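Undergrad: Please read through the structure below; I'll follow up with questions.
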Amino acid sequence: MSSKNLDRNAYLSKNIGDFSDSLNINGVEFVKVEDLRYGTNPHQPAAFYKPVNVASPVGDLEIVKNGKSGLSQTNLEDISYSMNIVKFFDEPACAVMKHVNPSGAAVQRAGESIKDVYVKARDCDARAAFGSAVCFNVEVDKEVAQEIMTSFVECVVAPSFTEEAVAVFNDRETYKMNGHIRIIKCGDLKQLPRFVGDEAAHVNSIKVLADGSLVIAAPLLTNLRSVDDLKPAEAENKRCGKQVSEVKATESQIADLLAAWYININVRSNGVVIMKNGQTLAVGTGEQDRVGAVEQAINKFNDKYEGTEVLQDSVMSSDGFFPFADAVEVAAKAGVTAVIAPAGSLRDADVIARANELGVAIVHAPERIFSHH
């Protein structure tokens, strides 16, 4: 049996040459950066390209410290999605990515260090964070590096690293479990488009279908630029007339609602993000129904942690509208008291009315943010 198995190295060396040195897609020229360790799986060859003559925060990644071998497609996708989260924040932020979904993300709140932000992001789901890609939007210092090295991490990405931090990452004798960690310096995160209207011609998404056909789409950006854009939801229908969200979210909750929205852009749909005090508490992802996504997030939290009162007064983001009030009811029962979601349901007014009864503030976002990655 084993003699008939295809030798992986021979397969990769045979097929790597199939990837050309340059590409032209929809009028944009791309140049090959390198052949990758493998694609999504070890038996899939892959190559990495970047647009020509364009500042590329991902394409211009600088390897500060390599692991046993180079990057895979999976590594690059996790890096890209994590950068796509932290790019939104002016305050220090961290995203911990596993299988192109955040296992946790966090934003600095008053009095917190960068290390605190990392611990918040990691400990949202410390079990899932094993073998993750971790991204920061600020420089990584020695204290943060020491904390990262206490558990297994595939790679760390940041705009810069102090010399002391790099020394920690290179200390294989002390940190034997994590000795092959990859340390990567990214380009300027401000060059990544964030909001509708930002220049983004070179970052159109490309989806390859089963027969090689392509779908090219504009990138997923948002109209929500600040907390000033968050307004109480209102809707009207014949069943219950005009309804306006009457419950007021606190200032802290408003900040968390916007942060949860930005994070949710990079969660596979159907997706929800439950957040409190700048920390994701649970992420529900990839469900076929919205209630299931909410239930998944809550159950994930309850299964892994004691003290479910932590969810009390948390906020939740939903990447799509609520066709019925059931998802809000499930969230409210768990302790969620503020929600952001797109409008668009025929029962928006019914959902708002029920949320008012439950004591849940509802904010309507101006767009849907499904991500079918």
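Undergrad: Among the residues of region 224-238, which ones are of a type in the set (S, T, N, Q) and touching a helix residue (DSSP H, G or I) at 6+ places or on another chain (Cβ under 7 Å)?
TA: Scanning region 224-238 gives a single hit, N237.
Undergrad: Let me ask something else. Test N84 against the criterion of being crowded, with 20+ Cβ neighbours inside 10 Å and more than 9 Å from the chain's Cα centre (by Cα), and give yes or no.
TA: So N84 does not fit the description; no.
Undergrad: Same structure, new question: List the strands (runs of 3 or more DSSP E) inside region 243-334, counting only whole elements, that have at least 1 residues being under 17 Å from V360 (Cα atoms) and not charged (D, E, K, R).
TA: Because the criterion is at least 1 residues that are under 17 Å from V360 (Cα atoms) and not charged (D, E, K, R), the strands (runs of 3 or more DSSP E) in region 243-334 that meet it are 272-276, 314-318.
Undergrad: Right, another one. Pairs only if they're at least six apart or on different chains, beta carbon under 7 angstrom, first in region 201-227 and farther than 25 Å from L258 by Cα, second in a loop (DSSP other than H, G, I, E, B); list them, first residue then second.
TA: Cβ pairs passing all conditions: H202/V54; V215/L209; I216/N26; I216/N204.
Undergrad: Another question, then. Can you name every residue in region 178-222 that is in contact with a Pro (Cβ under 8 Å, 6 or more places away or on another chain) and basic (K, R)?
TA: Listed by number, the list holds a single entry, K185.
Undergrad: Find the residue count for region 161-197, including only residues that are among the basic types (K, R), over 24 Å from the mean Cα position of the chain (by Cα) and assigned to a helix (DSSP H, G or I).
TA: Final tally of qualifying residues: 1.
Residue by residue, here is whether (1) modelled with pLDDT of 95 or more; (2) of a type in the set (S, T, Y) holds:
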position: R239; (1), (2): no, no
position: S245; (1), (2): yes, yes
position: K248; (1), (2): yes, no
position: S252; (1), (2): yes, yes
position: N264; (1), (2): yes, no
position: V283; (1), (2): yes, no
position: N299; (1), (2): no, no
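Undergrad: With the requirement that a residue be more than 22 Å from I63 (Cα to Cα) and under 27 Å from the mean Cα position of the chain (by Cα), what does region 27-40 give you?
TA: V28
Undergrad: Continuing with the same structure: Taking the conditions exactly as written (surrounded by 16 or more Cβ atoms within 10 Å (Cβ to Cβ) and either at pLDDT 90 or above or in contact with a Cys (Cβ under 8 Å, 6 or more places away or on another chain) (or both)), does L209 satisfy them or not?
TA: no
Undergrad: Scan (1) within 30 Å of V52 (Cβ to Cβ); (2) touching a Ser or Thr at 6+ places or on another chain (Cβ under 6 Å); (3) surrounded by 18 or more Cβ atoms within 10 Å (Cβ to Cβ) for the single condition I265 breaks and write down its number.
TA: The number of the failed condition is (2).
The values are calculated or read from the model by the stated rules, or taken from the named source; none is laboratory data. As the structure is a prediction and not an experimental result, all values here were calculated from the model. Here the Cβ is made from the backbone with ideal geometry for all residues, glycine too, and neighbour counts use every protein chain on show.
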